[in-house]
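Each remark here refers to the structure printed beneath this line.
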Amino acid sequence: MRIVLLGAPGTGKGTQGRFISETYNIPQISTGDILRESIYSKDEIGNIVKKTVQEGKLVSDNIVCNLVKKRIQKKDCNNGFLLDGFPRTIAQAHYLSSNKIKIDYVIELRVPYTSILERISGRRIHTKSGRIYHIKFNPPKIEDKDDLTGEPLVIRKDDEKESIIKRLKEYEKMTYPVITYYIDKEKFGTLRFFKINAVHPSLIIKKQIDAILKNDFIT
Ligand code: AP5
């Protein structure tokens, strides 16, 4: 099972990606997480992309495609994988098709911008594991502490209001065309495309995604 999860910042890709990964036992490959890990570990890529990510701009296709290429060559991807936040440009989508990396499902999460701002401004993350919380919608058991390790939760550097607006603009400009691209692909029967109104609580969205992946989703 090879899945692409698309959606603007804060629509719940990371949250749903984790559910899908656990339920279907496939790795969640989040290009955002991979880039953040590089930034925290201050490796070569991290030093190059730090400013770009924190300003809410997209990292170059070349860097991101190479990271994905390396990751999907790993053994745990043999039975499938979930791409969370990739492809985000037409060039990245072409990268997959030109390398014969077949995708079975594309799931787009849609949420109005007002909810996105509320979601992102309340987000807290546990840096090492990538676990995602929300001060109102998914609060940790102890305020500002990770449930499993008790370590402090942090606010992502690119969750400042200015970066969020830039990320939303980048999404409209660069990623909307990817949605059209996949809708067209569905017409040729090469994959299944689903749009989900992801405004509901996460467990409801999870059920809808389960229904899609078990082939009993009614549109
Ligand atoms: P990335 O990490 O992918 O960020 P993003 O796409 O902006 O998405 P977010 O992580 O902000 O949100 P999400 O949809 O995962 O929502 P979440 O589940 O956390 O990318 C970061 C940056 O890396 C990019 O800006 C770019 O610079 C670079 N990058 C990454 N991929 C790239 C690529 N392919 N090409 C080029 N550059 C790339 O949920 C948000 C909050 O809402 C959480 O607090 C959560 O608890 C809460 N929540 C989730 N679901 C619900 C719900 N149903 N109801 C209420 N609250 C909810």
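The values are calculated or read from the model by the stated rules, or taken from the named source; none is laboratory data. Note that the structure is predicted; figures quoted are calculated from it, not measured. Cβ placement follows ideal geometry from the backbone for every residue including glycine, while neighbour counts extend to all protein chains displayed. For accessibility, only protein heavy atoms count, side chains too; no ligands or nucleic acids. Shrake-Rupley method; radii C 1.70, N 1.55, O 1.52, S 1.80 Å.
Whenever you get a sec, compute what percent of the accessible area on the chain sits on carbon and sulfur atoms (1.4 Å probe). Answer for the chain: carbon and sulfur cover 54 percent of the accessible area. For segment 28-76, the direction-averaged projected area of the alpha-carbon convex hull comes to 3.4 nm².
Computed on the Cα atoms alone, the convex hull of the chain gives a volume of 124 cubic angstrom per residue. Distance from the alpha carbon centroid of segment 79-129 to that of segment 1-32 works out to 7 angstrom.
Express as a percent, rounded to the nearest 5, the fraction of DSSP beta bridges in the chain (both residues included) that run antiparallel. Bridges in the chain that DSSP calls antiparallel: roughly 25 percent. Around Lys157, with a cut-off of 15 angstrom between Cβ atoms, what is the net charge of the other residues, counting Lys and Arg +1 and Asp and Glu -1? Local charge sum for Lys157: +4. For the set Val154, Val68, the ranking by accessible area, highest first and with no ligand, DNA or RNA atoms included, is Val154, Val68 under a 1.4 Å probe.
Note on segment 153-219: Kirkwood radius taken over Cα pairs, Stokes-Einstein applied at 4 °C and 1.567 mPa s, translational D equal to 88 µm² s⁻¹.
Near Lys69: Cβ cut-off under 13 Å, other residues only, Lys/Arg at +1 and Asp/Glu at -1. The net charge is +3. When Rg and the Kirkwood Rh are both derived from Cα coordinates, the Rg/Rh ratio for segment 102-142 amounts to 1.11.
Holding the Cα-Cα limit at 31 Å, pick out from Lys13/Lys214; Lys100/Lys195; Lys51/Lys141; Lys75/Lys169; Lys161/Lys185 the pairs that are longer than that. Going by Cα-Cα distance, Lys51/Lys141; Lys75/Lys169; Lys161/Lys185 fall outside the 31 Å limit.
Packing around the peptides 17-27, 38-48, 198-208, taken as the average count of other Cβ atoms within 10 Å per residue, puts them in this order, highest first: 17-27, 198-208, 38-48.
With all protein chains kept in place, the per residue accessible area of the chain amounts to 55 square angstrom at a probe of 1.4 angstrom.
Computed over the alpha-carbon pairs of segment 102-219, the distance histogram in 10 Å steps reads 12, 32, 35, 19, 3 percent, short to long.
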